[in-house]
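Read-outs throughout are calculated quantities, based only on the coordinates presented, and are distinct from any laboratory measurement. Small disclaimer: the values here were computed from a predicted structure and weren't measured. Cβ placement follows ideal geometry from the backbone for every residue including glycine, while neighbour counts extend to all protein chains displayed.
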Amino acid sequence: MARNSKYRKDRIAGVDEVGRGPLAGAVLAAAVILDPANPIEGLKDSKALTEKRRIVLDEEIRQRAIAYCVARAEVHEIDAINILHASMLAMQRAVAGLSVKPEYAIVDGNRSPAFECPSDWLIKGDTKHDSIKAASIIAKVARDHEMIELDAVFPQYGFAQHKGYPTRMHLSALSKFGPTEIHRMSFRPCREALKQNE
C-alpha cells in the first residue's frame, strides 16, 4: 500500500461499502473525512458494534466530521453490472459527493475504484483506519434504516430482522412468496425463487 503521509490528515477520505452480501436492496457506500483536531472515541468496524452504539456514533460522525457522504448503487445497477462493480460505483459516488474535496482516499478491501484524487486500499481497513471505521458505521446505519423502512412495504420477508441477507427466514419467505422488485435477480436464490413461483 502506498504511503499517505504526504497528504494532509484533514483531507484524507476513508471509504467503505455495506450490502454486498444481501439478496435485496441497494448497496451503499460512505466516504468520511475526519477532523484530526476533533477525534471521535470508540470508532470500530460497524460489525463489531451493537446497533445502539452504531446509531450513537453515526450521529457523532455526522456532526463532527469535516465532510461525509453516503451514496448508493440501485438494485437495477447491481443486476446490470454485478455487485462488485456496483459497490465500486457507490464508492465513487460517495467520494464525489463530499463537500470538501479530498487529497487522497483510502478504501477498505483489496482494491480501489478510480477517484478524482489518488487512492489506495487497505485490507481489514475497517479495523485499522479511523476514517474507514467511520465510513463503515454511517453506511451500515443508513442501509439498516432503509431495510427497516422496506420491511413496512414488504412485511412478509422480514427485512427489519435480516436486512436482506440470505438467512433461513429470508430464503423461506423468498421461496414462498417469490422475489419483489427490490430483490437482486442476478443472485441465484432470487432467480431460483422466481422459477418456483412462475
Q) Lys/Arg Cβ at +1, Asp/Glu Cβ at -1, dipole of the chain taken about the Cα centre: which of Q161, H145, A105 is farthest positive-ward? A) A105
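Could you estimate the translational diffusion coefficient of the chain from the Stokes-Einstein equation, with Rh from the Kirkwood formula over C-alpha pairs, at 10 °C and 1.306 mPa s, in whole µm²/s?
Translational diffusion coefficient: 92 µm²/s.
Determine, from the Cβ-Cβ distance of T167 and K128 and an R0 of 30 Å, the FRET efficiency 1/(1 + (r/R0)^6), rounded to the nearest 0.05.
On the way: r = 29 Å, r/R0 = 0.96.
It comes out at approximately 0.55.
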(Q) Can you tell me what share of the DSSP beta bridges in the chain is antiparallel? A percent to the nearest 5 is fine. (A) 60
**Q.** Sparsely packed GluC sites (Glu not before Pro) within the stretch 133-188, loop by DSSP, other Cβ within 10 Å at most 11
**A.** E181
(Q) Only four residue types carry charge here, +1 at the Cβ of Lys and Arg and -1 at the Cβ of Asp and Glu. Report the dipole size of the chain about the Cα centre in Debye, rounded to the nearest 20. (A) 500
Q: Would you mind calculating the gained length between F154 and E59 on full extension (0.36 nm times residue separation, minus the Cα-Cα distance), in nm to one decimal?
A: 31.4 nm
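Counting other beta carbons within 10 Å of each Cβ, put S175, S99, S46, S112 in order, fewest first. The partial results should precede the final answer.
Working: S175 13, S99 9, S46 26, S112 20.
Arranged by neighbour count, lowest to highest, S175, S99, S46, S112 become S99, S175, S112, S46.
DSSP loop trypsin sites (Lys or Arg not before Pro) in the stretch 114-198 with at most 12 other Cβ atoms within 10 Å of their Cβ, which ones? Let's see the in-between values first.
Working: sites: K124, K128, K133, K140, R143, K163, R168, K176, R184, R191, K195; in loops: K124, K128, K163, R184.
Sites meeting the loop and neighbour criteria: K124.
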Q | Helix-only mean residue ellipticity at 222 nm for the chain, each DSSP H run of n ≥ 4 adding -39500 (n - 2.57), per residue, nearest 500 | A | -13000 deg cm²/dmol
Q: Across the stretch 9-154, how many lysine pairs, 8 or more positions apart or on different chains, have C-alpha atoms separated by under 18 Å? Please give the number.
A: 17
